[in-house]
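Chemist: Take a look at this one; I'll ask things after.
What follows draws every value from the coordinates through simple rules; no lab data is involved. On a predicted model such as this, the values are computed, not experimentally measured, just so you know. Using ideal geometry, Cβ is built from the backbone for each residue, glycine included, and neighbour counts are taken over all protein chains shown.
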Amino acid sequence: MNLSEYANLDAVDLARLVAKGDVRPAELAALTLEAADAVNPAVNAVVEQWAPEEADLATATSTNGPLAGVPFLIKDLAIQMAGRRCELGSRLAQGLVAADDSLLMRHYRRAGLVTVGRTTTPEMAFSTETESVQQGTTRNPWNLTLSAGGSSGGSGAAVAAGIVPIAHATDAAGSIRIPAAYNGLFGLKPTRGRTSNGPALDEVFGGLGVQLGLSRSVRDSAALMDAVQGYSPGDPYYTPPPAEGFLSQVGRDPGRLRIGLMLHPWNGAQTAAPIAQAARDVAAHLQSLGHRVEEVAPVLGVSWEAFVHANAQIWCATLVRWIDGLAAATGRPIAASTLEPSTLANYRYGQEARAVDFAAAFEVRNTVSRAVGAWFDDIDVLMTPTLPEMPGALGTYSEGAERMSGLDWTARVFRHTPFTPPANVAGTPAMSVPLCVDPDTGLPIGIQFMGDFAREDRLLRLAGQLEQTMPWASRRPAVWAGAA
């Protein structure tokens, strides 16, 4: 197999070739090195990669997992791989090595994935762009002057550029869906409790954070969720598995769905004209498929300011424990020499949070969760743009961070991605689907679909239908390993 052939296949196809003996896992792992050599200097998506003899090939050859032999990358955050560094994109954690696998890492191994390296992340994942002092700037393979999104921007750029077909990603306010939209990928945020964050992590930002991956095809994300979903003893949440697998949903008729269309976000901003038009075009297409689409104005149950404030309390207070633990583990000071200005601001804001404020934030979470749940009394799916604006120029996102409080920074993050966080607060599944292209720039535009609690099956059926009728598989970014 040559590099072009490798880069043009998704994970399910590669696993089938491995299962038939047409290609060996070691050969695929070697191709990821070749791909990274070709494109990573331009995009800076992979912070560390291992040669085939150092990769986790033993797992791939000892399992019949559904993705056995497929090369895989893990984000440098929230997941631990025994003997490998986990630095959270931070100088404070630089050189820190995990002693054991996290539960999710064990599931990835059991699926037969061959983990070949780590991808970049903004420091502590507290940004919707992937730029850090410790790891540098990750660039969008469609246009190297633009952001690849965040916080899973390294995974997004690596998959979009053809280094691997699928990569680990996390999502606490949109960090799977944002890079999916910017990089022309499929990104599914699972229901709270669908995958485990344990054992070292509990709820992750009060239950807002979940983990799965980014892919170029719907079926790859479905197969990945089949492989890793499930309860582990001690998990704070449990979402029952479906009667049938998630992969089996892709390609099934979704039926005639009631789809609510929301064009402009809850913060009162206006969605950019080309993105709003893209959403309208998709709505018209959905109607042609027989679905009922109506514009709606769903409420959050609280003001936007109260929503942001509650998230800031949860996020920043959680960061205090992370940062204190990292400083204790590395012996480094909590200072400007180890943390970026925004992270320091978030840390200080979190230190000031009182227990009563944290409890009040969970009351907001409850109010929003109840409001979101009520949406699905009248509709089956809520459709929005994934993001209200096209990717921004690199180097501008953090301007003025040294003068911000943690609340200010959280407000900036949420202003950048106002459509995505309600699904995290409510714990509901949501996906970004790369259905459109900006006619002026050629950049991909993602459309978000949010479903009722535990209804990934419905979302995957709809995504599969759209993948067939509005296909995106042939689109390639300017930086593409398959062209090398």
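Chemist: What's the local net charge at Asp22, with K and R +1, D and E -1, over the other residues with C-beta under 13 Å away?
Modeler: Within the 13 Å Cβ shell, the charges total 0.
Chemist: Below 8 Å, C-alpha to C-alpha, sequence gap of six or more: please give me the relative contact order for the chain in percent.
Modeler: Relative CO of the chain lands at 19 percent.
Chemist: Out of Trp266, Ala200, Val308, whose Cα points farthest toward the positive end of the dipole of region 150-308 (charges: +1 Lys, Arg; -1 Asp, Glu; placed on Cβ)?
Modeler: It is Trp266.
Chemist: On to the next question. Order of Thr318, Thr420, Thr469 from fewest to most other C-beta atoms within 10 Å?
Modeler: Least crowded to most crowded, the residues run Thr469, Thr318, Thr420.
Chemist: Suppose R0 equals 60 Å; then what is the FRET efficiency for Ala336 and Asp22 from their Cβ-Cβ distance, rounded to the nearest 0.05?
Modeler: Rounded to the nearest 0.05, the efficiency is 0.65.
Chemist: Along Cα→Cβ, 7 Å out, is where each label goes; now give me the distance between the ones at Asn366 and Thr396 in nm to one decimal.
Modeler: If labels sit at Asn366 and Thr396, their model points lie 4.2 nm apart.
Chemist: To the nearest 0.05, what FRET efficiency results for Ser232 and Val356 with a Förster distance of 35 Å applied to their C-beta separation?
Modeler: After rounding, the FRET efficiency stands at 0.65.
Chemist: Using the basic label-point model (7 angstrom from Cα toward the beta carbon), what is the Arg321 to Glu54 distance in nanometres?
Modeler: About 3.3 nm, to one decimal.
Chemist: Treat each spin label as a single point 7 Å out from the Cα along the C-beta direction, and report the Thr441 to Arg256 distance in nm.
Modeler: 3.9 nm
Chemist: Could you state, as a whole-number percent, how many of the C-alpha pairs of region 118-222 are farther apart than 23 Å?
Modeler: For region 118-222, the fraction of Cα-Cα distances above 23 Å is 20 percent.
Chemist: Using only the Cα atoms of region 3-483, what do you get for the radius of gyration and for Dmax, in Å?
Modeler: Final numbers for Rg and Dmax: 20.5, 61 Å.
Chemist: Roughly how far apart, in whole Å, are the Cα centres of region 129-163 and region 349-410?
Modeler: 22 Å
Chemist: Tell me, how many Å apart are the Cα centres for region 34-86 and for region 200-261?
Modeler: 22 Å
Chemist: Another question, if that's okay. Please list the helices of the chain that count as membrane-span-like by this rule: a mean Kyte-Doolittle hydropathy of at least 0.0 together with Cα atoms stretching 27 Å or more along the helix axis, each helix being a complete DSSP H run.
Modeler: Helices passing the filter in the chain: 304-330, 355-375.
Chemist: Still on this structure, please answer the following. Cβ under 13 Å from Leu208's Cβ, Leu208 left aside: what net charge do those residues give with Lys, Arg +1 and Asp, Glu -1?
Modeler: 0
Chemist: Still on this model: For region 6-71, which GluC sites (Glu not before Pro) are in a loop by DSSP, counting at most 14 other Cβ atoms within 10 Å?
Modeler: none
Chemist: Expressed in nm to one decimal, what extension gain is obtained for the pair Ser248 and Ser288 from 0.36 nm per residue of sequence separation less their Cα-Cα distance?
Modeler: This chain segment gains 11.9 nm when fully extended.
Chemist: With 10 angstrom as the radius, rank His309, His285, His168 by how many other C-beta atoms surround their C-beta, starting from the fewest.
Modeler: His285, His309, His168
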